[in-house]
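Inspection log for the structure reproduced underneath, given as structure tokens.
The values are calculated or read from the model by the stated rules, or taken from the named source; none is laboratory data. Only a predicted model underlies this, so the values are computations on that prediction, with no experimental measurement involved. Here the Cβ positions follow ideal geometry from the backbone for every residue, glycine too, while neighbour counts run over all protein chains shown.
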């Protein structure tokens, strides 16, 4: 049934990371926990939940560390959530990310059988995330998490990965990250040019109307589901040296290499969109939040002569592109919270040094299938929606050595061949991030 518009969000009940940006630079860590004793798992929650920051007081903690909690389906079972409530969750969440590998093109090296443990196992129950603009400020909160389970034999930290977003805001591939986050209706954010009209809150937070005018299916009871969201956690290894080698092999000069790099992503390394700066990087444009996302494709580049239809940012958010397979773009937008892990490969180095580096990709949305899985299967790993047949995304696609990338130009288009996979999935989990009232509800399942 269609519901009336609801634009006032209960910010004090929504975990802050859903709606609020982190500072730049920031540092952080993710911990994964296993629960072997439901009562002790609930006790741990009661100790930690008071430190969770909401969307309403997030900015009051800019000099501190932020903390968030999410659960896998197995984690909710381990806490003792009633069966009727468990069955009210989305089927994709119940199955888990490893079981959905075919929809995400996690095949070959990225297949779950090759994932780092404990990803894809029944042992991952709780995901804790920590962020701060000050590395030292993280320690008290990390120590709290550690000490909170030191005397609880039924709770174990089974995985940790440290992350950061440095002042350059660059990924390991050399591109500025964190541009183009959708504006959410009722979030309290004024937005900035280029975000477009606010997207209905129900696309990202349960309990509110979505873009169809309906209320998305919500876990029950309402106390558990309202103001929660689904979350996809992925550890993605970056083959930086292989990417640099491919650029070098397909360009005749440093300038041509930089242009090719911009064509592949749709932005120059500074973040300047190629559609607004076609010939060269413009660091001032890239650094200007009021300009670096303020463009449409049909106004500037309908045929992709400047920004190829298959570029990464155009696939991830087609905006007003005339699509061969028509869809409402806003139904498939996602909130993304990314961060890098591991040391940077020094500039200019073309050989792999064997070190683990990449990104932690976090998807946030109310519909795993229609949002995250659709973007991965249709926009990143299938070119039909933009008339490019089976051509895949160069950066995020599951290329196997035979991939292609089309660059429209006059008089004859250019097509690159021999694309391999530059990003390998090393692990992932589907999680549910409850509202703060729901965290208290979960913590009291076993008083």
Determine, yes or no, whether residue 369 is within 15 Å of the chain's Cα centre (by Cα) and crowded, with 20+ Cβ neighbours inside 10 Å. no
Residues of segment 250-267 satisfying the condition of being part of a loop (DSSP other than H, G, I, E, B), more than 20 Å from residue 299 (Cα to Cα) and in contact with a helix residue (DSSP H, G or I) (Cβ under 8 Å, 6 or more places away or on another chain): 250, 251
Examine segment 380-392 for a residue that is closer than 24 Å to residue 172 by Cα, buried (at least 20 other Cβ atoms within 10 Å of the Cβ) and out of contact with any strand residue (DSSP E or B) (no Cβ under 9 Å at 6 or more places or on another chain), and state whether such a residue exists. yes
Test residue 264 against the stated conditions and say whether it is touching a strand residue (DSSP E or B) at 6+ places or on another chain (Cβ under 9 Å), assigned by TED's automatic domain parsing to the domain that holds residue 334 and touching a residue at least 12 places away in the same chain (Cβ under 8 Å). yes
Quick one: how many residues across segment 132-172 are under 18 Å from residue 25 (Cα atoms), under 23 Å from the mean Cα position of the chain (by Cα) and either free of Cβ contacts under 8 Å to residues at least 12 places away in the same chain or not in a helix (DSSP H, G or I) (or both)? 15
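Residues checked against (1) modelled with pLDDT of 95 or more; (2) over 17 Å from residue 432 (Cβ atoms); (3) touching a helix residue (DSSP H, G or I) at 6+ places or on another chain (Cβ under 9 Å); (4) not assigned by TED's automatic domain parsing to the domain that holds residue 116:
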position: 17; (1), (2), (3), (4): no, no, yes, no
position: 20; (1), (2), (3), (4): no, yes, yes, no
position: 27; (1), (2), (3), (4): no, yes, yes, no
position: 35; (1), (2), (3), (4): yes, no, yes, no
position: 40; (1), (2), (3), (4): yes, yes, yes, no
position: 53; (1), (2), (3), (4): no, yes, yes, no
position: 56; (1), (2), (3), (4): no, yes, yes, no
position: 62; (1), (2), (3), (4): no, yes, no, no
Is it true that some residue in segment 350-360 is closer than 23 Å to residue 263 by Cα and touching a strand residue (DSSP E or B) at 6+ places or on another chain (Cβ under 8 Å)? yes
